[in-house]
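Written below as structure tokens is the structure these notes are about.
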Amino acid sequence: MGTETISSRAGAESVRGTYALEAIDVTKSLPLGRERIDILKGISFTINHGEFVAIVGPSGSGKSTLLGIIAGLDVPSTGKVLIDGVDITKMSEGQLASVRNSKIGMVYQAFNLIPTLTAQENVEAPLYVGKHDGRPSERAKAMLDLVGLGHRLRNRPNQLSGGEQQRVAIARALVTRPAMVIMDEPTGNLDKANGDRVLEMIRDLQSQTGTTFIIATHDPNVAQAAQRSIRIVDGRIAI
Ligand SMILES: Nc1ncnc2c1ncn2[C@@H]1O[C@H](COP(=O)(O)OP(=O)(O)O)[C@@H](O)[C@H]1O
Ligand SMILES: [Mg+2]
């Protein structure tokens, strides 16, 4: 249930011929005492609409920093990030907030669910920001059905397993029908069986909804679930 409404929207507003995402010579440097640390040293890549891409690299290589920048949560020191051909690094806070709410879903390693809300309320929450079609409660239920949690609507996060919590977080990221879902180590806190289940679900959702998935991981086995990997070592793209 809910699959058709989702597939009809993902990427629908994008301009034909543009990439879902284009990073152009992105750098990030931060002051560290009197020194400066260069975290990202000139990263360029493109991701097509509907692709499932892994950003891989050892811990500390700059994956989370890069994800924060492509999700518009952080700004690069230099360089551009185009989403559907539009440079988000030039946007005002208000424009950016609207792009984040309508086009991007985010999933974190630590799930980041609101502990006092039920699974259904957590998934509904993003629908009360910005404009969205349909009844939030119906949409949240349909999304939880899609991730196999239709029977856990009224459970709070501490009444769910790690794998279930991560599936709620994925439902929450998808409920606004974003064209792109960005995940930072989404299986990092899961055991292998639950991690595999989440990855299998991402692959199913990708083929059913046409959503673009970008997932950062330090685990080569997780990267294998993706269609393509972009490898980062020490703030640079490595072959
Ligand atoms: N706010 C910060 N201040 C100083 N150093 C940082 C900050 N954020 C990240 N770093 C450093 O940047 C490097 C890349 O970090 P990160 O993007 O978290 O890598 P990854 O996600 O690949 O493990 C690390 O060496 C980290 O210590
Ligand atoms: Mg990280």
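Filtered by the rule that a residue be more than 12 Å from ligand 1 (Cβ to nearest atom), outside any strand (DSSP E or B) and free of Cβ contacts under 8 Å to residues at least 60 places away in the same chain, region 20-50 gives a lone residue, ARG34.
Can you say whether PRO126 is in contact with a Lys or Arg (Cβ under 7 Å, 6 or more places away or on another chain), at pLDDT 95 or above and closer than 14 Å to ALA169 by Cβ, as far as the supplied structure shows?
Taking the combined requirement at face value, the residue does not satisfy it.
Scanning region 64-97 for residues that are closer than 18 Å to ARG172 by Cβ and assigned to a helix (DSSP H, G or I), which turns out modelled with the lowest pLDDT? In this case the residue turns out to be ALA97. Selection of first residues in region 51-67 that are closer than 9 Å to THR217 by Cβ and of second residues that are part of a helix (DSSP H, G or I) and more than 7 Å from ligand 1 (Cβ to nearest atom), restricted to Cβ pairs under 6 Å at least 6 apart or on distinct chains, gives the following pairs, ordered by first then second residue: ALA54/ALA223; VAL56/ALA223. Determine whether region 122-144 contains at least one residue that is within 24 Å of THR65 (Cα to Cα), within 16 Å of ligand 2 (Cβ to nearest atom) and either surrounded by fewer than 19 Cβ atoms within 10 Å (Cβ to Cβ) or in contact (Cβ under 8 Å) with a residue 24 or more places away in the chain (or both). Scanning region 122-144, I find no residue that is within 24 Å of THR65 (Cα to Cα), within 16 Å of ligand 2 (Cβ to nearest atom) and either surrounded by fewer than 19 Cβ atoms within 10 Å (Cβ to Cβ) or in contact (Cβ under 8 Å) with a residue 24 or more places away in the chain (or both), so the answer is no. Is region 185-205 home to any residue that is modelled with pLDDT of 95 or more, under 12 Å from the mean Cα position of the chain (by Cα) and either within 16 Å of ligand 2 (Cβ to nearest atom) or on the phi > 0 side of the Ramachandran plot (or both)? No, every residue in region 185-205 fails to be modelled with pLDDT of 95 or more, under 12 Å from the mean Cα position of the chain (by Cα) and either within 16 Å of ligand 2 (Cβ to nearest atom) or on the phi > 0 side of the Ramachandran plot (or both).
Considering each residue of region 101-113 in turn, at least one proves to be part of a loop (DSSP other than H, G, I, E, B) and among the aliphatic types (A, V, I, L, M).
Residues checked against (1) within 16 Å of ligand 1 (Cβ to nearest atom); (2) charged (D, E, K, R); (3) over 26 Å from ALA20 (Cα atoms):
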residue: PRO126; (1), (2), (3): no, no, no
residue: ARG135; (1), (2), (3): no, yes, yes
residue: ALA140; (1), (2), (3): no, no, no
residue: ASN194; (1), (2), (3): no, no, yes
residue: PHE213; (1), (2), (3): no, no, no
residue: ILE237; (1), (2), (3): yes, no, no
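Every condition in (1) free of Cβ contacts under 8 Å to residues at least 60 places away in the same chain; (2) under 24 Å from HIS49 (Cα atoms) holds for PRO186 except the one numbered (1).
The values are calculated or read from the model by the stated rules, or taken from the named source; none is laboratory data. Just so it is clear, the model here is predicted, and its values are computed rather than measured. Cβ: placed from backbone, ideal geometry, glycine included. Neighbour counts: every protein chain shown.
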